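Report on the structure given below.
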Amino acid sequence: MTTIQEFHKKSIEQPDAFWGEEAKSIDWHKPFTQVLDYSRPPFAKWFVGGETNLCYNAVDRHAAKRPNDRALVFISTETDQEIVYSFADLKQEVMRMAAVMQSLGVGKGDRVLVYMPMIAEAMFAMLACARIGAIHSVVFGGFASGSLATRIDDATPKLVVSSDAGMRAGKAVPYKDLLDEAISLAEHKPSKVLMVDRGLDKGFNKVEGRDVDYATLRAQFMDADVPVTWLESSEPSYILYTSGTTGKPKGVQRDTGGYAVALASTLKYIFCGNEGETYFATSDIGWVVGHSYIIYGPLIGGMCTIMYEGTPLRPDPGIWWQIVEKYKVNVMFSAPTAARVLKKHDPAYMHKYDLSSLKHLFLAGEPLDQPTHEWIMGELGLPVIDNYWQTETGWPILSAMPGVEKTEIRFGTPSFPVYGYNLRIFREDGTICDPDEKGIVGIVPPLPPGCLSTVWGDDARFVSTYFSLFREPQVYSSFDWGIKDKDGYHYILGRTDDVINVAGHRLGTREIEEAIQGHSAIAEVAVVGVADQLKGQMPMAFAVVKNADHIATPELVAALEKAVMKKVDESLGAIARPSRVHFVTVLPKTRSGKLLRRSIQALAEGRDPGDLTTIEDPKALEQLQLALGSKT
Ligand code: ATP
Ligand code: MG
């Protein structure tokens, strides 16, 4: 049997042989003539000359063989809907949508901005774009007008596909109003807006000559037969903006053939998902996990995918497990934040259902702390696999790969570099760290297939943003800190700009957070660096307690704050001790579960917190302000 090390080594040393073999997993209209063209570093072109199509690989080829098998299950616990689409149904719906888009003048290379809730039509729209060679740019439906406007101006779409409203925890979010405002703010004006009217926001404003109704147009194209537009492997499939956690979002441009091959390979080697099985990713189509593992990945592999609109807690915290039982889900993908949310509820909700179909649970998007990892793996009784990646890469960089070798799962680590990624931990002078030495996670190019091919419309920004870490060697920077231990397991220690500089000592926020999380009363914590006249910066902690009893009186608060500080002293030394530990009931996070660190830090320093439109729970801000106001 091949070991992970041998497998990885082959992918790096013989990329042509390795990826040439993997490319057989997808269907090519025209074979490629060269596996990799790396004549213009750091720009890599994969499967040169090959022609293929993402929609064909995700839909048509399965519809031809297994038309009646399940392809998509759309479930909304917000609107009480549950609709099952076979591969034949999916193909027909995609062709209807594609015909409507063509009737609105959309063709190959045109951008289509998708600003939609988690409904099946959003998937039809994305696949329809892929089918006709249009480039989709999905903007997460939680973004408000300002953020949406910048993305409209950057992608300059011909068409916007949207909906009257999204639903979240029983409340309608008026997408159409946000979109209208964004278009008025933007310099670029899309010529058409295709509206999927869910009837949730009865009175939305229709702009004459621009807005068209999807249901009306669809009715004209019920039997549409829209042929696939074949694309050269490197032609763009989509643009997706990074989450913007650390600054101006970057428009990640993805290719076509490389992406399809990479995703197909991950189903085999990482996710262990087979044709005919079911994949449930709880992310949102607005994020990269949604693109790769709600839509393209599972479908390319001939799996049924579950698209879920709703929260993990409604109607009760058992809802996800109920879905796993009902549809015999084999592979599940979620985020650490969801695991932490579930951890606050009775595990009986999990044990009520038959989860025997499930092989693994994958978690990604932010650090998975050890206690949560251990808890969820214990409760589920199956491997829970932390995997590390970025919008830029489109698929995991670090992960266990049970499809290659069943390695031991250790808590707090996303295990090993995935095949294709020549990953190293670098010192700031460009040399390579020793085991257990902290450094910057970098990838020696070429980046493997499926990773960003450039920044949309800005090749110079692609090079200057990602490849200018050192003058020599040329390395892709992840902007994350990491460590490789003696056994080859990797640990991600937070972002390079999350470093706190205390009197000349550089501390990672993640390390302090891990230390604090080690205290049994703490459920969740965020640490930020706050300007300090004396020391430059001081860490400040905002912690959520497991049980409100811990902070029932001012005496208990003071005692717990002291105990938490002591915990930090013990694990990292007094230098890392936070100046304050504030207790709150909820932390400000994006809907994808990322801590809004920049905003926390800005507030703690009395500055403007910036764009907060994607915040999950506005209560978190009030609490933060209250805590800061009353205690600093
Ligand atoms: P921006 O680049 O615009 O600031 P972002 O980096 O938050 O936004 P994403 O691409 O969605 O946007 O997130 C990728 C980042 O998330 C990684 O660089 C890393 O910091 C973090 N991350 C993802 N998965 C993990 C994981 N398993 N463990 C630790 N951190 C993770
Ligand atoms: Mg990033």
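Key figures
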{"read-out": "Of all DSSP beta bridges in the stretch 509-609, antiparallel share, percent nearest 5", "value": "70 percent"}
{"read-out": "Kirkwood Rh and Cα Rg combined as Rg/Rh, the stretch 101-172", "value": "0.98"}
{"read-out": "Dipole moment magnitude, nearest 20 debye, the chain about Cα centre, only Lys, Arg, Asp, Glu C-beta charged", "value": "220 debye"}
{"read-out": "Binned Cα-Cα distance frequencies in the stretch 364-521 - 5 Å width, integer %", "value": "1, 8, 16, 20, 21, 15, 10, 5, 2, 0"}
{"read-out": "Dimensionless Rg ratio for the stretch 245-340, taking C-alpha atoms and the 2.2 N^0.38 Å reference", "value": "1.15"}
{"read-out": "Relative contact order of the stretch 98-256, defined on C-alpha pairs under 8 angstrom at six or more residues apart (%)", "value": "24 percent"}
{"read-out": "Efficiency of FRET from Cβ geometry, Asp177 and Glu555, R₀ 51 Å, rounded to 0.05", "value": "0.60"}
{"read-out": "Gain in span if fully extended, Lys546 to Lys202, counting 0.36 nm per residue against the direct Cα distance", "value": "119.7 nm"}
{"read-out": "Principal semi-axes in Å for the stretch 139-179 [√(5λ), Cα gyration tensor, largest first]", "value": "20, 10, 7"}
{"read-out": "Whole-number D in µm² s⁻¹ for the chain, Kirkwood Cα-pair radius fed into Stokes-Einstein, 20 °C, 1.002 mPa s", "value": "85 µm²/s"}
{"read-out": "Binned Cα-Cα distances of the stretch 498-546, short to long, each 10 Å bin given as a whole percent", "value": "30, 47, 22, 2"}
{"read-out": "Spread of Cα-to-Cα distances over 5 Å intervals beginning at zero, given as percent, for the stretch 384-442", "value": "4, 18, 23, 24, 20, 9, 2, 0"}
{"read-out": "Neighbourhood charge, 15 Å Cβ-Cβ cut-off, centred on Asp485 and excluding it, Lys, Arg +1 and Asp, Glu -1", "value": "-3"}
{"read-out": "Helix axis angle, 120-132 relative to the chain longest principal axis, alpha carbon, degrees", "value": "60 degrees"}
{"read-out": "Over the stretch 16-72 - Rg/Rh using Cα atoms and the Kirkwood inverse-distance radius", "value": "1.10"}
{"read-out": "D_trans [Stokes-Einstein, Kirkwood Rh over alpha-carbon pairs] for the stretch 1-111, 20 °C, 1.002 mPa s, µm² s⁻¹", "value": "122 µm²/s"}
{"read-out": "Set of lysines with alpha-carbon distance to Lys562 below 16 Å, sequence-local pairs under 8 removed", "value": "Lys631"}
{"read-out": "Computed over the stretch 380-449: relative contact order in percent, which uses C-alpha pairs under 8 Å that are six or more apart", "value": "23 percent"}
{"read-out": "Asp497/Gln5 FRET efficiency (R0 35 Å; Cβ-Cβ; nearest 0.05)", "value": "0.60"}
{"read-out": "Semi-axis lengths, Å, the stretch 464-586, gyration tensor of Cα atoms, sqrt of 5 times eigenvalues", "value": "31, 16, 13"}
{"read-out": "Global form of the stretch 49-162, assessed from the alpha-carbon gyration tensor, a/c cut-off 1.5", "value": "oblate"}
{"read-out": "Length added when fully stretched, Thr79-Lys343, from 0.36 nm per residue minus Cα-Cα", "value": "92.4 nm"}
{"read-out": "For the stretch 346-447, share of DSSP beta bridges that run antiparallel, in % to the nearest 5", "value": "75 percent"}
{"read-out": "Cα-Cα over 28 Å, subset of Lys24/Lys45; Lys24/Lys594; Lys189/Lys250; Lys192/Lys619", "value": "Lys24/Lys594; Lys192/Lys619"}
{"read-out": "Separation between Cα centres of the stretch 106-126 and the stretch 139-198, rounded to whole Å", "value": "12 Å"}
{"read-out": "Percent of beta bridges antiparallel (DSSP, the chain, rounded to nearest 5)", "value": "60 percent"}
{"read-out": "Cα pair count fraction exceeding 19 Å, expressed as % - the stretch 345-404", "value": "38 percent"}
{"read-out": "Qualifying aspartates and glutamates (Cα of each under 20 Å from Cα of Lys486; at least 8 residues distant if same chain)", "value": "Glu6, Asp386, Glu405, Glu408, Asp434, Asp436, Glu437, Glu511"}
{"read-out": "Global size of the stretch 292-368 as Cα Rg and Dmax, reported in angstrom", "value": "12.6, 36"}
{"read-out": "Rounded to 10°, Cα long-axis angle of helix 87-103 versus longest principal axis of the chain", "value": "80 degrees"}
{"read-out": "The chain, helix-only ellipticity at 222 nm - DSSP H runs n ≥ 4, -39,500 (n - 2.57), divided by all residues, nearest 500", "value": "-8500 deg cm²/dmol"}
{"read-out": "Centre separation in Å (Cα based) which lies between the stretch 291-321 and the stretch 1-59", "value": "28 Å"}
{"read-out": "Relative contact order of the stretch 404-499, defined on C-alpha pairs under 8 angstrom at six or more residues apart (%)", "value": "31 percent"}
{"read-out": "Principal semi-axes in Å for the stretch 438-488 [√(5λ), Cα gyration tensor, largest first]", "value": "23, 13, 9"}
{"read-out": "Whole-number D in µm²/s for the stretch 186-293 (Stokes-Einstein; Kirkwood sum over Cα pairs; 10 °C, 1.306 mPa s)", "value": "88 µm²/s"}
{"read-out": "The chain: angle of helix 619-631 to the longest principal axis, Cα-based, in degrees nearest 10", "value": "20 degrees"}
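Bear in mind these aren't lab numbers, they're just calculated from the coordinates by the rules spelled out. Bear in mind that the values here come from a model prediction, so they are computed numbers and not experimental data. Here Cβ is always computed from backbone atoms with ideal geometry, including for glycine, and neighbour counts include all displayed protein chains.
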